[in-house]
């Protein structure tokens, strides 16, 4: 099988599928996904919450730009992709400075006292709370509807998704990229590298200078709801010092040790010791013991050194576009980043501020070791 397109997108996570969907109205687009289904890795393992104040200044601008799409997802879904959740940060004395930093420049976040925090999450150990803050506007994201909605938009605009199509060889010949996969060879003058944890590896395969991507493992478990408590109305609650976070999930609690262990790109699984240490930190903050883990998993969040994504053309190779390094922000920034990627690839102006577009440009990373 040999197929020619205008644009090849490597990676069928939320980044690749959403960008391809935005491009497909103006170009012939093919998405190549290595696994049997889209969204298999980081996208399918996301905590899935929209937090306006999550990330650095550039990411917060992307969060703000994405919110209107989540609320009115025209062409993606018929109704809002958000539902109320809220976010509560609690700080032990040693974490107060970290909480202060979270509040710097925050919009829609306010301090509360320990008593108010306990009203929101009654299992918290009140005597350990030195400070707390709440972001009422944080909301759950329906990731499956988001991903499938973008996939549907892509197909409706004439694009295609090819699964089990891992890139085994990439070469540029006569002004076009040739991508060899188990499903055949695909050709296009433009490649979008949305390969998540594998993005630097894809760059190397194409002869493009890697940008210094570091995949980091993030683990999680599902615990039964605390006896006698209905957790459905609780916010996501987290240690301001990033030692753990907890989120109601289908009547149970999802707990993460908030780990960020550097990793090679692979189908991640949790480390028992990391989970045990994280659950111990969680137990120190609450009045209930952890007695039974129902399920555990892990995923990879990939970061560049400045913890900001790279979105733009490679400075060292024509027709190679980076869409990588979304870290833990990929789902909630996907509306803004997909629109920016499409605008840059199609050659039209972006409504994002020039400072934001510049902060995302791969050139800033190209000469780092």
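Restricted to the stretch 122-193, the set of strands (runs of 3 or more DSSP E) holding at least 2 residues that are more than 30 Å from residue 228 (Cβ to Cβ) comprises 160-162, 169-173, 176-181, 184-188, 190-193. Scanning the stretch 111-122 for residues that are farther than 23 Å from residue 57 by Cβ and touching a helix residue (DSSP H, G or I) at 6+ places or on another chain (Cβ under 6 Å) turns up at least one hit.
Of all the listed residues (90, 96), the sole one being more than 22 Å from the chain's Cα centre (by Cα) and outside any helix (DSSP H, G or I) is 90.
Going by what's in this entry, would residue 111 be described as surrounded by fewer than 16 Cβ atoms within 10 Å (Cβ to Cβ), in the same structural domain as residue 195 (by TED's automatic domain parsing), touching a strand residue (DSSP E or B) at 6+ places or on another chain (Cβ under 8 Å) and not in a loop (DSSP other than H, G, I, E, B)? Answer is no for this residue. Taken over the stretch 25-42, the criterion of being under 16 Å from residue 321 (Cα atoms) and crowded, with 24+ Cβ neighbours inside 10 Å is satisfied by 29, 30, 31, 32.
Taken across the stretch 245-256, residues that are outside the structural domain of residue 342 (by TED's automatic domain parsing), out of contact with any strand residue (DSSP E or B) (no Cβ under 6 Å at 6 or more places or on another chain) and at negative phi do occur, with at least one present. Taken together, the residues in the stretch 219-236 that are in contact (Cβ under 8 Å) with a residue 60 or more places away in the chain, over 27 Å from residue 196 (Cα atoms) and touching a strand residue (DSSP E or B) at 6+ places or on another chain (Cβ under 9 Å) amount to 5.
Do we find that residue 166 is surrounded by fewer than 19 Cβ atoms within 10 Å (Cβ to Cβ) and under 27 Å from the mean Cα position of the chain (by Cα) in this structure? So residue 166 fits the description; yes. Restricting attention to the stretch 193-210, the residues that are in contact with a helix residue (DSSP H, G or I) (Cβ under 6 Å, 6 or more places away or on another chain) and crowded, with 20+ Cβ neighbours inside 10 Å total 3. Taking the stretch 132-149 as the range and being within 25 Å of residue 182 (Cα to Cα) and surrounded by 22 or more Cβ atoms within 10 Å (Cβ to Cβ) as the test, only 147 passes. Within the stretch 324-342, is even one residue surrounded by fewer than 17 Cβ atoms within 10 Å (Cβ to Cβ), outside any helix (DSSP H, G or I) and in contact with a helix residue (DSSP H, G or I) (Cβ under 6 Å, 6 or more places away or on another chain)? Checked against the condition, which is being surrounded by fewer than 17 Cβ atoms within 10 Å (Cβ to Cβ), outside any helix (DSSP H, G or I) and in contact with a helix residue (DSSP H, G or I) (Cβ under 6 Å, 6 or more places away or on another chain), the stretch 324-342 yields no hits at all.
Exactly one residue among 364, 348 is surrounded by fewer than 21 Cβ atoms within 10 Å (Cβ to Cβ), free of Cβ contacts under 8 Å to residues at least 12 places away in the same chain and either over 16 Å from the mean Cα position of the chain (by Cα) or not assigned by TED's automatic domain parsing to the domain that holds residue 261 (or both), and that residue is 348.
Among the residues of the stretch 346-365, those identified as out of contact with any helix residue (DSSP H, G or I) (no Cβ under 6 Å at 6 or more places or on another chain) and in a helix (DSSP H, G or I) are 346, 354, 355, 357, 358, 360, 362, 363, 364.
The values are calculated or read from the model by the stated rules, or taken from the named source; none is laboratory data. Just so you know, these numbers come straight off a predicted model, no measurement behind them. Neighbour counts run over all protein chains shown; Cβ positions are idealised from the backbone, glycine included.
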